[in-house]
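Encoded as structure tokens, the structure appears first; notes follow it.
Each reported figure results from applying straightforward, stated rules to the coordinates on display, with no laboratory input. If you're wondering where the values come from, they're calculated on a predicted model, not measured in any experiment. Because the Cβ atoms are built from the backbone with ideal geometry, glycine has one as well, and the counts that use them run over all protein chains shown.
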Amino acid sequence: CKSVPKCGNGILNDGEDCDGNVFLSDKNQCVMWSNAYSSGNVACDPDCTINFDQCVAISAEICDNKVDDDGNGLVDCSDPACFGKAACVKATCGNGIVDTGEDCDRSAFRDNKVQCSSWRSIFKSGMVTCNDNCTINYGGCSTNPETPNIPENQANSETPKAPVPTDSGKKKTKGSSCSTTPQVSVDSSAAILFFGFIVLGIHARRRKTHVRE
């Protein structure tokens, strides 16, 4: 007996997603097969697999065209994808009130969250500020725990150093020098050199006289 091909018989057999106009679990809409599509109906290929050619893919939400671009039922600024976008905050940002799509507005913060750790768990200390476009500024946040305040005069002071010993405690005798090394004045040195030259001259004369004799 020859085996009869099952695909194309209009009956959903094992291993088939569809067969003709029959679909697995009656899933004939694109969104039933994949969340990548917003609308459209699937078709069945001759090999009994799903054809997505007529499906409409989800696109990014455009925040100012009054169209539900991503197919989630929310239009423009009502869509979370548009929160914080310029098209949605420019109308109300700056009025001091946290409106839809804003994290903050001047000194007002959503849910009164001013601590950095309230916005992001990575931060351990510091307070957030508000940007001009009503988004959070983390410039004052730190990942290090807050350190205790140290008085400025203590923070800038250095560790006291041990006093350097001096000769101030030694007794001085009258007329003696503070240094134990003998000091020779300039005049004394000159006199010694002069005397040396005289001695050398006398020896030279005696040597000449001895040679003549």
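Observations
- One equal scatterer on each Cα of segment 1-74, no solvent, Debye formula: the resulting log10 I(q)/I(0) at q = 0.12, 0.22, 0.25 Å⁻¹ is -0.43, -0.89, -1.04.
- Here the gap between I11 and S118, fully extended at 0.36 nm per residue and compared with their Cα-Cα distance, gives a gain of 32.8 nm.
- Three-way shape label, segment 74-119, alpha-carbon gyration tensor, a/c 1.5: oblate
- In this simple spin-label approximation, R106 and I198 carry label points 7 Å from Cα along the Cα→Cβ vector, and these lie 10.1 nm apart.
- Shape call, segment 51-103: gyration tensor on alpha carbons, a/c limit 1.5: prolate
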